[in-house]
Structures are given as C-alpha cells and as structure tokens.
Amino acid sequence: MPRLNFFLATLGFILFLFLNPVSISAADNAQPWNVPRFVDDAKTLSDSVSAINIPAGVDAVVIDEEENYVFDAQGRNVHTQYVVYKVLTQRGAEGWADIGYSWEPWHQDRPTLRARVITPDGIIHTLDPSTITDAPAKEDESLIYSDRRVIRAPLPAVTPGSIIEQEEVTKETASFFG
C-alpha cells in the first residue's frame, strides 16, 4: 500500500506541474542555471532571474527545478528537491505562497525544509522553522490506512515580483524497495 501511495503522490505532482495553467517553465531559455543555491547576495539571484525572457500573461514561472538521489550500499537514498520560481501576479502570490511535502515514517526521516523569499525591494525573508507543521496525510479513499504524513509551511512575504527559492531533503531509514 505505501508503494501505491508513493506512486499516486508522484503522479499527482507530475500532473500538477504539466496541467497547472498559472505557471510556465523557463525551460525555453537554453541557458543553464549556474547560480549557487541560497547565495548570500540576493542581487546575484535577482539579476539571473531578470535575464530570463518571461512571457506575458503568466502568474508564476519556474526558473530552475532540480532533483537529486544519492543511494548508499543498503539501497537507502537521500532525495533533494530544489526549486526556484518567480511570482508575477497577485493570483500567483496567493497560489504559490506555501510549501508542503509528504513523507512516510516507516522508511523516511522527517524532511528538512529550507526556503526564502526575495521581495522586489531585494529584502530576503527566510522561512521560520517554527511555522512548519506536521500532520497525518488525508487519504482519498476511506478504506486506505497509512502512516503517511505531510509537512507544510507558509512562505513569508510573498508578493508579485518575489523570487522564491526552496529545498527539501528526505533521507530514507530503510530501503523502499527492500
């Protein structure tokens, strides 16, 4: 059952990315993303995002999205997901103002979250760890029971023109595939 939940959650996320009409990917820009993660100088990140050609009429644009899996000898992995996006409209600010990840305690440690919002005036607002909540994940089917959980947090100071940078790291305590 946990594998089915993982599959459904992954499929849902992929469908969300491809069918969400309020955002686009900056993949049409052939330039590789070479900005270090969480660089201290917010201007470096802002200047790099400003150099990207963003079409009119979108609420948010994903600038960079990276996923990394590192496996150990026992088959356990450390999964890192990193995303940078820019909110362009008020609708985008309302739809992209929080983060959340699901996890399964039977084989994973609680994920760690890092995030920051760089407002148009160049001020960096870092995610306050005390705002992160951890709750059981609600299943869509009443006969499905699992230990799956969801951590969520509101992002600080999201307004149109903000650049959001976020990273989630999940470590397995037992191999998912055994």
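For (1) open to solvent by 30 Å² or more (accessible area, probe 1.4 Å); (2) in contact with a Pro (Cβ under 8 Å, 6 or more places away or on another chain); (3) farther than 27 Å from residue 36 by Cβ; (4) not aliphatic (A, V, I, L, M), each residue gets a yes or a no:
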{"residue": "117", "(1), (2), (3), (4)": "no, yes, no, no"}
{"residue": "135", "(1), (2), (3), (4)": "yes, no, yes, no"}
{"residue": "146", "(1), (2), (3), (4)": "yes, yes, yes, yes"}
{"residue": "162", "(1), (2), (3), (4)": "no, yes, no, yes"}
{"residue": "165", "(1), (2), (3), (4)": "no, no, no, yes"}
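The residue of segment 135-160 that is nearest to residue 88 (Cα to Cα), among those that are outside any strand (DSSP E or B) and at pLDDT 95 or above, is 160. Kindly evaluate residue 114 against the criterion of being within 18 Å of the chain's Cα centre (by Cα), part of a loop (DSSP other than H, G, I, E, B) and farther than 22 Å from residue 59 by Cβ. Considered against the rule, which asks whether it is within 18 Å of the chain's Cα centre (by Cα), part of a loop (DSSP other than H, G, I, E, B) and farther than 22 Å from residue 59 by Cβ, residue 114 comes out as no. Scan (1) surrounded by fewer than 21 Cβ atoms within 10 Å (Cβ to Cβ); (2) within 14 Å of the chain's Cα centre (by Cα) for the single condition residue 121 breaks and write down its number. Every listed condition holds for residue 121 apart from (2).
Evaluate segment 77-96: report whether one residue or more is open to solvent by 70 Å² or more (accessible area, probe 1.4 Å) and at pLDDT below 95. Even if it seems obvious, please write down each step before you answer.
Taking segment 77-96 as the starting set, the residues that turn out to be open to solvent by 70 Å² or more (accessible area, probe 1.4 Å) are 90-91, 94.
Imposing the further condition that a residue be at pLDDT below 95 reduces the set to none.
No, segment 77-96 contains no residue that is open to solvent by 70 Å² or more (accessible area, probe 1.4 Å) and at pLDDT below 95.
Name the single residue that is farthest from residue 105 (Cα to Cα) among those in segment 161-177 being in a loop (DSSP other than H, G, I, E, B) and either of a type in the set (S, T, N, Q) or touching a Leu at 6+ places or on another chain (Cβ under 6 Å) (or both). The extreme case among them is 162.
Considering only segment 75-100, how many residues are part of a helix (DSSP H, G or I) and touching a residue at least 24 places away in the same chain (Cβ under 8 Å)?
Of the residues in that region, 5 qualify.
In this structure, does residue 52 turn out to be surrounded by 14 or more Cβ atoms within 10 Å (Cβ to Cβ), closer than 30 Å to residue 174 by Cβ and at pLDDT 55 or above?
Values: surrounded by 14 or more Cβ atoms within 10 Å (Cβ to Cβ): yes; closer than 30 Å to residue 174 by Cβ: no; at pLDDT 55 or above: yes.
It is false that residue 52 is surrounded by 14 or more Cβ atoms within 10 Å (Cβ to Cβ), closer than 30 Å to residue 174 by Cβ and at pLDDT 55 or above.
Scan segment 44-65 and give yes if some residue there is of a type outside the set (A, V, I, L, M, F, W, C), part of a strand (DSSP E or B) and under 18 Å from the mean Cα position of the chain (by Cα), otherwise no.
Residues of segment 44-65 that are of a type outside the set (A, V, I, L, M, F, W, C), as a first pass: 44, 46-48, 50, 53, 55, 57, 59, 64-65.
Within this subset, residues satisfying the condition of being part of a strand (DSSP E or B) are 64-65.
Applying the additional criterion that residues be under 18 Å from the mean Cα position of the chain (by Cα) yields 64-65.
Checked segment 44-65: at least one residue is of a type outside the set (A, V, I, L, M, F, W, C), part of a strand (DSSP E or B) and under 18 Å from the mean Cα position of the chain (by Cα).
The values are calculated or read from the model by the stated rules, or taken from the named source; none is laboratory data. Predicted model, so just to flag it, every value in this text is computed and none were measured. All Cβ positions, glycine included, derive from the backbone under ideal geometry; neighbour counts span all protein chains shown. These accessible areas exclude ligands, DNA and RNA; they are computed on the full protein's heavy atoms, side chains included. Shrake-Rupley method; radii C 1.70, N 1.55, O 1.52, S 1.80 Å.
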